[in-house]
């Protein structure tokens, strides 16, 4: 983690007859921020920024985003290049360690992931006692935190962090696949040492003693791209949750559990599941035109899931890659699915409609990823679980960076109180 770059530039804050100078911080890509870390001590004021859209919570070397230009880079490398050329393991190593691994480092990393892919057999009892109606994300969040009980801390801090990182990256695939198998009452499929990261997960999900799973290179490729595109995305809701919870110096397991819980929300990681549910509703009610008109009505709170983005004011760069993968996979698999037909129809409407174009409501990565996951057979309620597996390297990298941050502080946002002023307590018989 680099020290903050010292700046000579300041910005003046004038209130009444008083002037205050606040330092300006500049990032490596030219982004500028007003450093308000001493604002309250100097002026007595705090800032108010609902949703933190204008607030930087940290400096970071990990991911660069430019919403206006549609840019996303991990450690300086465009996500387009990683999606085209890198494995998911290489991408995870890059995010967590700050550089791409050489051949020896990649081999050692692969061996460690394989060695730690099994989970303690006693953890099956946890799964088997969750109600069958439990959502897989709630189970995964609980199980990630429970790992701490099964794997005690090591004495060496660096070794402990490296081991915890490896355990999480490897075991989360196994935990996710187990949750699916046990929820269906099926025999658990264990990791295979001869399969790579993505292929191993698919085999654990779909292999059966009576119907061995046949790996399809195109399906494996689609999952690889999906996970790389979701590996990190700057200070989003779940990443901020990981950093905030981590700032209390909890274990990595607890911080990741918090990230999974935050990702579960339908406006965050649950958006790809919400896309399929929306398409199902359109198919059932046959109301495509009405849905589009509702989305264009400013007075209607309805949101068209999978369109537009909080940060990107142009086309989501990940969506371009996912659309290409989506078109290729659907063509290869020749799937007949009415929901996929509706998705294509809705995509055409959005890309041609002046309202959608004028408001930058392009299909985002959630729109295409939901279609891809459905095409390869992932159950809808597992969509966000797969997102969590992909986002794990980014969460780990962000947690590690915050741990090493020389400017670390326990996260503790302020507020502007708008409730009643001082009131006296009234005894119950006098109320």
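Nothing in this text is a laboratory measurement; each read-out follows from the coordinates by a stated rule. For clarity, every value in this text was computed on a predicted model and none was experimentally measured. Cβ placement follows ideal geometry from the backbone for every residue including glycine, while neighbour counts extend to all protein chains displayed.
Our note on the geometry: Cα centres of region 195-266 and region 301-341, 19 Å apart. Working from the alpha-carbon coordinates of the chain, get Rg over Rh, Rh being the Kirkwood radius. Ratio value, two decimals: 1.00. Peptides 414-420, 39-45, 306-312, ordered by how many other C-beta atoms sit within 10 Å of their residues on average, highest first, read 306-312, 39-45, 414-420.
Only counting other Cβ atoms within 10 Å, I'd like 192, 103, 173 sorted with the fewest neighbours first.
So the ranking, lowest neighbour count to highest, is 103, 192, 173.
Counted by neighbouring Cβ atoms within 10 Å, the residues 245, 79 run from fewest to most as 245, 79.
Where a ≥ b ≥ c are the square roots of the eigenvalues of the C-alpha gyration tensor, would you call region 259-375 rounded, which needs a/c under 1.5, or, failing that, prolate if a/b is larger than b/c, or oblate? Judged from the Cα gyration tensor, region 259-375 comes out rounded (a/c under 1.5).
In this simple spin-label approximation, residue 422 and residue 120 carry label points 7 Å from Cα along the Cα→Cβ vector, and these lie 5.4 nm apart. Taking the helices alone, the chain has a mean residue ellipticity at 222 nm of -16000 deg cm²/dmol, built from -39,500 (n - 2.57) per DSSP H run of at least 4 residues and averaged over all its residues.
Let a ≥ b ≥ c be the square roots of the eigenvalues of the Cα gyration tensor of region 10-56; is it rounded (a/c under 1.5), or, if not, prolate (a/b larger than b/c) or oblate? Verdict is oblate for region 10-56.
In terms of the ratio Rg/(2.2 N^0.38 Å) built on C-alpha atoms, what value belongs to region 206-258? Please report the intermediate quantities before stating the final value.
On the way: Rg = 17.2 Å, N = 53, 2.2 N^0.38 = 9.9 Å.
My calculation over the Cα atoms of region 206-258 gives 1.73.
Note on residue 359 and residue 280: the model spin-label points, each 7 Å out from Cα along the C-beta direction, lie 2.6 nm apart. Placing one equal scatterer on every Cα of region 320-431 and applying the Debye formula, the log10 ratio I(q)/I(0) at q = 0.12, 0.16 Å⁻¹ is -0.70, -0.90.
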